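Colleague: Take this structure first; my questions come after.
Since every read-out is calculated from the coordinates, none of them should be taken as a lab result. Not measured: the values here are computed from a predicted model. Cβ placement follows ideal geometry from the backbone for every residue including glycine, while neighbour counts extend to all protein chains displayed.
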Amino acid sequence: MLGFLELAVAYRTWRDGNPEDPPSARKKLRNELRKTASKLEEESISLESVMAEFKLSNNTLKRMMSHMSDNMDRGLEKGLPGSTIAMLPSFVPELPDGTERGTYVAMDLGGTNLRVMIMHIEPGEPMRTKQFNTRIPDKAMHGSGSQLFDYIAKALCDFLVEKDLADQDLPVGFTFSYPCNQTGLRSATLLRWTKGVTATGVVGKDVVQMLEEAIKRDGRAKVEIVALINDTVGTMVAAAYESGQCDLGVIIGTGTNASYLEDTKKIVYGMQNADDDYLHSQMIIDTEWGGFGDRNEAEYIITQYDKIIDKRSDHPGVNTFDKLVAGMCMGELVRLVLEKLCTSKVLFNGNASKLLKTPGKFPTKYISEILHDEGGSYTNTRQIMDELGIEDFTFSDMLLLREVCMVVSRRSANLAAAAIACVLNRVSKKNLLTVAIDGSTYKYHPFFDHWVTEKVKELLDPGKEFKIVQTGDGSGKGAALIAAIVFRVKKAEEKRKQDEEKLKLEEEKRKLEEMENIRKEKLMEEERARRYQDLLNYGDERISERSNQLS
Ligand code: BGC
C-alpha cells in the first residue's frame with residue numbers, strides 16, 4: 001500500500017507545485033499520475049505476491065528467535081560441530097575502566113578495506129587518531145594467504161615508517177572480522193572466510209602468527225601483536241569506554257554479527273583448549289550469528305532470491321543469516337527482485353537494461369540513496385536509473401523500485417531486530433540494557449535504526465528495557481582499547497607480582513627478626529639462669545664457708 005502513499009505525496013507536490021510551471025507540463029504530470037494510479041491498482045496483486053515472500057510476521061520472527069537461542073546454547077556446549085552459531089570465546093580479560101593510557105596501533109581488516117591507526121589514549125580525553133586506509137586489492141583478497149598478509153604487513157610498516165614509529169615496539173590490537181577459534185587473546189585459528197574473501201591457505205591457521213611472520217618478512221617495523229578481536233567485540237569495548245556500559249555489540253555492515261557477555265562456566269567447548277586459566281566470571285562471546293541457517297534450520301525465512309544469492313556466492317551454504325541481513329547481498333537481492341518484476345512486465349514495461357540483468361550491478365548503497373529521496377523529487381532514483389542505463393521508465397516504475405528497496409531492507413531490519421532481541425532475552429541483567437551498533441548498512445540507511453528499535457520493542461521479553469547507541473569506528477577504537485587493557489592488566493599483574501614479592505620479603509624479614517628475637521631472648525634467659533646459678537653458687541659457697549668457720 002505504501003506505493004499509494006507515495007503517490008499521494010507526488011500528487012501534493014504536483015498540486016502545490018510551482019504555479020509558474022507551464023500548464024502543458026502540469027497537464028503531462030497529471031496524466032502520468034493518473035496512469036500511475038491505475039497501473040498500481042492493476043499490478044498490486046502481482047507485486048504483492050512477489051513481495052509477500054519478504055514479509056515476516058512476529059510469530060515467524062519469534063520462532064526464529066527460539067531456534068537461534070537453541071543454537072546459541074548448543075554452540076556454547078558443542079561449538080561449530082554441534083551448532084550453526086559458533087559462540088566463540090574472546091579471552092578479553094576486562095572491559096575498559098577509563099584509566100587506559102598510552103600510544104597503540106590498531107589494525108582493522110573487515111570487509112574490503114584495511115585500516116592502520118595510531119591511537120593516543122588519555123583518561124578523560126577523546127582518543128587522538130592518525131589513520132591510513134586502503135582498499136585490499138583483489139589479488140590479495142582472492143590470492144594466497146601469504147599475499148594477503150604480506151599486503152597487510154606492508155601497509156602497517158609503510159605507515160609506521162612514515163610516522164617515524166617503526167622502532168618503538170608499539171603494542172598492536174588487530175581487529176579481524178572473520179570467525180576464529182581463539183584459545184587465547186593472541187592465538188586465533190580462522191574457521192572460515194566470509195564476506196567474499198577467498199585467500200587460500202589461511203583457514204585452519206593461526207592468523208596472529210601469519211601476521212607476525214609477514215611483519216618479520218617485511219623487516220622494517222618492530223611491533224608486538226597483543227590481541228586479536230572480532231569487530232563486534234571491538235564495538236562492545238569502544239561503547240563501554242564511551243558510554244560506561246555495553247551489553248551487546250552488533251555490526252550490520254558488509255556482514256552481520258554480535259557479541260555479548262556470557263557466564264564463563266557456560267562456555268564449555270570454547271574453553272577446552274584455552275592457553276591459560278581465565279579467572280573472570282564472565283567473558284565476551286563472539287556469537288557469529290551469521291552462520292544461522294547453514295544446516296537448513298531456517299528454511300521458513302528463506303526466499304527463492306536468497307537461494308539464488310547463496311548458490312552464486314563465493315561460499316555457498318556458509319553464513320546464511322549474513323546473506324539475508326547484511327549489506328554484502330542486500331543490493332543483489334533487490335536487483336534479483338527487480339529482474340523478476342521486469343520479466344513479469346510489472347516494471348519498466350518488461351525492458352530491463354543490460355546492467356540491471358548483470359549480477360552485482362546494484363550495490364547496496366543504491367538502496368539507501370533511493371530511500372533518502374524526498375517524496376516528489378526522486379533525484380537519486382533518477383540518477384541511479386541513469387547509471388543503470390534505464391532510459392524508459394515511468395513515475396510508477398520509480399515508486400515500485402522504491403517499494404522493492406523498502407521491503408527487502410525492512411526484512412533485513414526485522415531479522416536483525418529479532419536476532420538482537422534473542423540475545424537480549426538471554427541476558428539475565430535486570431536494568432536497562434545497552435546495545436551498541438556499528439556498520440555501514442545500519443548507518444547509511446535512513447530508516448534502519450527506527451525499524452530495528454521498534455521491532456526489538458515488539459519482540460523483547462516483558463519487563464526488559466534497552467537502548468541503542470551507535471558507535472563510530474568501534475573496530476578501530478576497540479582494537480586500541482584492547483591493546484591498552486592488555487597493557488593495563490599486564491602492568492597490574494606485574495604490580496601484583498611485585499607487591500606479592502615485597503610482601504614475601506617483608507614476611508621473611510619479619511620471621512628472621514622474630515627468630516633473632518627468640519635467639520636473643522634465649523641468650524638472655526640463659527644469661528639470667530647463669531647469673532642465678534652464679535648467685536646460688538655464691539650463696540652455697542658463702543654458706544659452706546660459714547659452716548667451715550663455725551666448725
Ligand atoms: C563475520 C563476522 C563479522 C561480521 C561483521 C561476518 O561475515 O563472520 O566475524 O563480525 O561479518 O563484520
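Colleague: Where the eigenvalues come from the Cα gyration tensor of segment 483-551, what are the semi-axes √(5λ) of the equivalent ellipsoid, largest first, in whole Å? Please list the in-between numbers first.
Modeller: Working: eigenvalues 840, 3, 3 Å².
Semi-axes, largest first: 65, 4, 4 Å.
Colleague: Using only the Cα atoms of segment 373-515, what semi-axes does the equivalent ellipsoid have when each is the square root of 5 times a gyration tensor eigenvalue? Give whole Å, largest first. Write down the numbers at each step before the final one.
Modeller: Working: eigenvalues 661, 88, 16 Å².
Sorted largest first and rounded, they come to 57, 21, 9 Å.
Colleague: Output the direction-averaged projected area (hull surface divided by four) of the convex hull of the alpha-carbon atoms of segment 420-488, in nm². Write out the running numbers ahead of the final one.
Modeller: Details: hull surface 23.0 nm².
If I average the Cα hull's projected area over directions, I get 5.8 nm².
Colleague: For a paramagnetic label modelled at 7 Å from the Cα of Ala274 toward its Cβ, which residues of segment 182-210 fall within the zone defined by backbone nitrogen distances under 15 Å?
Modeller: Those under the cut-off are 182-187.
Colleague: Using +1 at the Cβ of each Lys and Arg and -1 at the Cβ of each Asp and Glu in segment 233-307, identify which of Ala298, Val237, Met271 lies farthest towards the dipole's positive end.
Modeller: In segment 233-307, that residue is Ala298.
Colleague: Assign unit charges at the C-beta atoms only (+1 for Lys and Arg, -1 for Asp and Glu), then state the dipole size of the chain relative to its Cα centre in Debye, rounded to the nearest 20. Mind dumping the intermediate values first?
Modeller: On the way: 76 positive and 85 negative charges, 288 e Å.
Its charge dipole is roughly 1380 debye.
Colleague: Here's something else I'd like to know. Between Asp314 and Gln131, with labels modelled 7 Å along Cα→Cβ, what's the label distance in nm to one decimal, could you check?
Modeller: About 2.2 nm, to one decimal.
Colleague: Stretched out fully, how many nm does the piece from Lys205 to Asn351 gain, at 0.36 nm a residue minus the Cα gap?
Modeller: Numbers: separation 146, 0.36 × 146 = 52.56 nm, distance 4.89 nm.
Stretched out fully, the Lys205 to Asn351 stretch lengthens by 47.7 nm.
Colleague: Please report the orientation-averaged projected area of segment 136-180, defined via the convex hull of its C-alpha atoms, in nm².
Modeller: Over all viewing directions, segment 136-180 projects a mean Cα-hull area of 4.0 nm².
Colleague: Measure off 7 Å from each Cα along the Cα-to-Cβ vector at Thr60 and Lys504, then give the distance between these two points in nanometres to one decimal.
Modeller: So the label points at Thr60 and Lys504 sit 6.4 nm apart.
Colleague: Relative to the longest principal Cα axis of the chain, at what angle does helix 327-343 sit, 0 to 90 degrees, rounded to 10?
Modeller: 20 degrees
Colleague: D for segment 399-458, whole µm²/s, Stokes-Einstein with Kirkwood Rh over alpha-carbon pairs at 37 °C and 0.692 mPa s: what number?
Modeller: 261 µm²/s
Colleague: Relative contact order for the chain: what percent, with Cα pairs under 8 Å and sequence separation of 6 or more? Please report the intermediate quantities before stating the final value.
Modeller: Details: 914 pairs, mean separation 101.7, N = 551.
Relative contact order, the chain: 18 percent.
Colleague: Please arrange Thr103, Thr379, Thr235 by how many other C-beta atoms lie within 10 Å of their C-beta, fewest to most.
Modeller: The order, fewest Cβ neighbours first, is Thr379, Thr103, Thr235.
Colleague: What are the ³J(HN,Hα) values, in whole Hz, obtained from phi via the Karplus relation 6.51 cos²θ - 1.76 cosθ + 1.60 with θ = phi - 60°, for each residue of segment 93-109 in sequence order, with x given for Gly and Pro?
Modeller: Result, ordered by residue: x, 8, 8, x, 10, x, 9, 5, 7, x, 10, 9, 9, 10, 10, 9, 10 Hz.
Colleague: Give the Rg (one decimal place) followed by the Dmax (whole number) of segment 163-309, computed from C-alpha coordinates and expressed in Å.
Modeller: That works out to 17.5, 56 Å for Rg and Dmax.
Colleague: Which value, in Å³ per residue, describes the convex hull spanned by the Cα atoms of the chain? Let's see the in-between values first.
Modeller: On the way: hull volume 130.7 nm³, N = 551.
Dividing the Cα hull volume of the chain by its residue count gives 237 Å³.
Colleague: Also, I was wondering about something else. Would you order Arg488, Arg382 from fewest to most other beta-carbon atoms within 10 Å of each residue's own beta-carbon?
Modeller: With the sparsest Cβ surroundings first, the list reads Arg382, Arg488.
Colleague: Between rounded, prolate and oblate, where does segment 172-244 land on the alpha carbon gyration tensor, with a ≥ b ≥ c its root eigenvalues, rounded for a/c under 1.5, else prolate if a/b exceeds b/c? Mind showing how you got there, number by number?
Modeller: Working: a/c = 2.10, a/b = 1.26, b/c = 1.66.
Oblate, because a/c is 1.5 or more while a/b does not exceed b/c.
Colleague: Taking every Cα atom in segment 322-405, find the radius of gyration and the maximum pairwise distance Dmax, and write them in Å.
Modeller: 11.8, 35
Colleague: Taking 2.2 N^0.38 Å as the expected size of a compact globular protein, what ratio does the Cα radius of gyration of segment 431-551 give against it, to two decimals? Write out the running numbers ahead of the final one.
Modeller: On the way: Rg = 40.6 Å, N = 121, 2.2 N^0.38 = 13.6 Å.
Normalised by 2.2 N^0.38 Å, the Cα Rg of segment 431-551 equals 2.98.
Colleague: Take His67, His372 and order them by how many other Cβ atoms sit within 10 Å, fewest up front.
Modeller: Numbers: His67 19, His372 14.
Placing the least packed residue first, the sequence is His372, His67.
Colleague: Let me ask you something else. Quick one: if you stick a label point 7 Å off each Cα along the C-beta vector at Glu545 and Arg217, how many nm between them?
Modeller: Simple spin-label model gives 10.3 nm for this pair.
Colleague: May I ask you to order 108-116, 135-143 by the average number of other C-beta atoms within 10 Å around their residues, highest value first? Intermediate results must be reported in sequence, preceding the final value.
Modeller: Working: 108-116: 21.0, 135-143: 15.4.
Put in order of decreasing packing, that is 108-116, 135-143.
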